[in-house]
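To keep things clear, I will list the structure first and then write my remarks on it.
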Amino acid sequence: MSIEGIIPVWKPAGITSHDCVYKIRKIAGTKKVGHTGTLDPAVEGILPICIERATKISDYMMDLPKSYRCVVALGSSTTTEDAEGELVDTLDPGSVSKKDIENTLQQFTGELVQVPPMYSAVKVNGRKLYEYAREGKEVERPSKKITIYSITLNEDSLSYSGGEFTFECDIVCSKGTYIRTLAVDIGKALSVPAHMKSLIRTGSGPFREKDSWTLEQLAQLQAENRLGTAVIPIAGALAHIERREAAEEETALIKNGAVLPYEEGMPSPFIFMAGQTPLAVYEKHPTKPDKIKPKTMLHIEARS
C-alpha cells in the first residue's frame, strides 16, 4: 500500500535534514519525499516530512510559526554564532540577574529586522554566504523582517560557570528566523559577547514532540507493515487554511483547474473539499477581481 501524507519526524542531532529525507525515502519506498524547513545538523527536533502528493503543500507548512528551546551562552562569541564555530571574543559577563534577562528578552518580541549570519545558506550574488565565510570574505548581507511571537525565560535554567553564563528560553517565531543570530543580538543588548549553545525545535506548525516519530520507530513500523499509522493526511496538515465544500456541479471543474467566479466573503487562499478529500487550494485571481483561480492542485484521479 502506498503511503501519502505528512510524518512529523524527530530529527536527531548529527545528521542533516536531507539525511532524514533520504532515510524516509528508503522507509516509505518512494523518491517523492521532501522536508518543510531545514534544521542544522547540530540541531534536533521536529521536521515534518511530506510524502508523495503532500510534497505540494510543503510551502504552506513552511509558512507556519516554529517553536524552539534555545540555550544562550553569555561571555563568548563564535564565527558561526553557535557552539560549532571558532572562538572570536570573550568577556566575563559578571553578575547577570534574572530580571536583566527578562527585561532584555522583552525587547525581542514583535517584528524585528535580522541580518543572516555569514555561515548560512542565504545567497548573495549567486553564492551561499557560508562559501564566502569559508574563504574568509565578508560581504554585505541582505536584512529581512522576522517576527518573534513570544520569548520566555525558563527560570530554573540560569547557570554561571567558568566565565560563562547560560540560560534557556522558549521561542515562538516566524519562518526564516535565525535563532543563533537572535542569541548574539541578546548578548549585544546585555553588552556581552554571546552565542547559541544548543537548540531544539520543539514545534513546527501544529506538530509537537508528542506527535513525532524517530527514524528508528518509523523503520520498525514499516517492518510491521504499520507505517500508515504515523502518517497525517494532507487535509489534517492544512487545518490552518479555511476550507469550503465544493458544490456537486463545481467538483469536475475544480479537478480540472478551472477559473471560477469569486463570491463575496471568500477567503484567499482556501481549500475546496469534497467531503474529507482536499481537491485544490484556490486564491483570488491576480488580474480578475471577480474570479478565483487554483493555486495548488491536490486531487489525483484514482488509477485503474
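Can you name every residue in region 140-165 that is closer than 25 Å to Leu64 by Cα and either hydroxyl-bearing (Ser, Thr, Tyr) or not assigned by TED's automatic domain parsing to the domain that holds Cys70 (or both)?
In the first step, residues of region 140-165 are kept if they are closer than 25 Å to Leu64 by Cα; the result is 141-154.
Passing the criteria: Ser143, Thr147, Tyr149, Ser150, Thr152.
Could you say whether any residue in region 260-282 is assigned to a helix (DSSP H, G or I) and not aromatic (Phe, Trp, Tyr)?
no
Would you call Val139 of a type in the set (A, V, I, L, M) and either free of Cβ contacts under 8 Å to residues at least 40 places away in the same chain or surrounded by fewer than 16 Cβ atoms within 10 Å (Cβ to Cβ) (or both)?
Here the answer is yes, as Val139 does meet what is asked.
Assess whether Ile200 counts as being modelled with pLDDT of 95 or more and assigned to a helix (DSSP H, G or I).
Answer is no for this residue.
Looking only at region 54-78, how many residues end up being under 20 Å from Thr177 (Cβ atoms) and either within 18 Å of the chain's Cα centre (by Cα) or in a loop (DSSP other than H, G, I, E, B) (or both)?
Summing the residues that are under 20 Å from Thr177 (Cβ atoms) and either within 18 Å of the chain's Cα centre (by Cα) or in a loop (DSSP other than H, G, I, E, B) (or both) in region 54-78 gives 13.
Mind checking which pairs have a first residue in region 34-59 that is farther than 21 Å from Val231 by Cβ and a second that is surrounded by fewer than 23 Cβ atoms within 10 Å (Cβ to Cβ), Cβ under 6 Å, 6 or more apart or different chains?
Thr38/Ser17; Pro41/Thr16; Ala42/Ala13; Ala42/Glu84; Glu44/Pro12; Glu44/Ala13; Glu44/Ile200
If you scan region 79-97, which residues turn out to be crowded, with 16+ Cβ neighbours inside 10 Å and over 29 Å from the mean Cα position of the chain (by Cα)?
Residues satisfying the conditions are Pro93, Val96.
Could you check region 285-294 and list, in sequence order, the residues that are assigned to a strand (DSSP E or B) and surrounded by fewer than 17 Cβ atoms within 10 Å (Cβ to Cβ)?
Just the residues of region 285-294 that are assigned to a strand (DSSP E or B), to begin with: 291-294.
Within region 285-294, just Lys291 meets the criteria.
With respect to Lys23, determine if the residue is of a type outside the set (A, V, I, L, M), under 30 Å from Arg134 (Cα atoms) and crowded, with 21+ Cβ neighbours inside 10 Å.
Details: of a type outside the set (A, V, I, L, M): yes; under 30 Å from Arg134 (Cα atoms): yes; crowded, with 21+ Cβ neighbours inside 10 Å: no.
For Lys23, the condition - of a type outside the set (A, V, I, L, M), under 30 Å from Arg134 (Cα atoms) and crowded, with 21+ Cβ neighbours inside 10 Å - is not met.
The values are calculated or read from the model by the stated rules, or taken from the named source; none is laboratory data. Model, not experiment: these values are computed from the prediction. All Cβ positions, even for glycine, are placed from backbone atoms using ideal geometry, and neighbour counts span all protein chains on display.
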